[in-house]
Amino acid sequence: MKNRRDFLKTTCPTVAFAIFGVTLLQACSASEDPMSEIPTGNNNTPVNNNTAGLTVNGNNFSIDLANSNFTKLAPVGGWLNLTSAGLLLLRVNETTIRAFDNCCPHQGTKTQWSYNSNVFNCANHGNNFGIDNNTQNCDSGATSGDLKSFSASISGETLTVIKD
């Protein structure tokens, strides 16, 4: 009996910490990072884990285009799903980046986007949405149309988006 008791005393705490320890430590940690999710871009791959470069003030978003998180926006046609801000960003020419709601009008999916030929595709149900007419709101049940767009302007290396 003593050997079993000693085994349980020394092994069970280690196993319990291995199973629950990381979760408990993460649950107790705090972050002042303004972005809780990793930005994704072409092919929906993570940009990286460093979430610097975004400042949020209410419905105003300032994005430092010089920050390495936003290099996907440098070339014309480059795009980024900035999930934590609820934005799809698309470089349409050298001086213009457009901003769209990343919430799928069909059923509200925000993380399954791809982009090709002026159309965003939501992989959740395969619906395509254009970028021209600002016609569809989030979770409206629409299966086609254009994504809701927001005011966006570039000044120097800063992109400012106003979600209205």
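Each reported figure results from applying straightforward, stated rules to the coordinates on display, with no laboratory input. Small disclaimer: the values here were computed from a predicted structure and weren't measured. Don't worry about glycine lacking a Cβ; one is built from the backbone with ideal geometry, like all the others, and counts go over all protein chains shown.
Laid out as a table, the results:
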| quantity | calculated |
| --- | --- |
| Euclidean distance of C-alpha centroids, the range 95-110 and the range 141-164, integer Å | 8 |
| Convex hull volume per residue in cubic angstrom - Cα atoms of the range 48-164 | 97 |
| Net charge contributed by nearby residues that have their C-beta within less than 11 Å of L90 (K/R +1, D/E -1) | +3 |
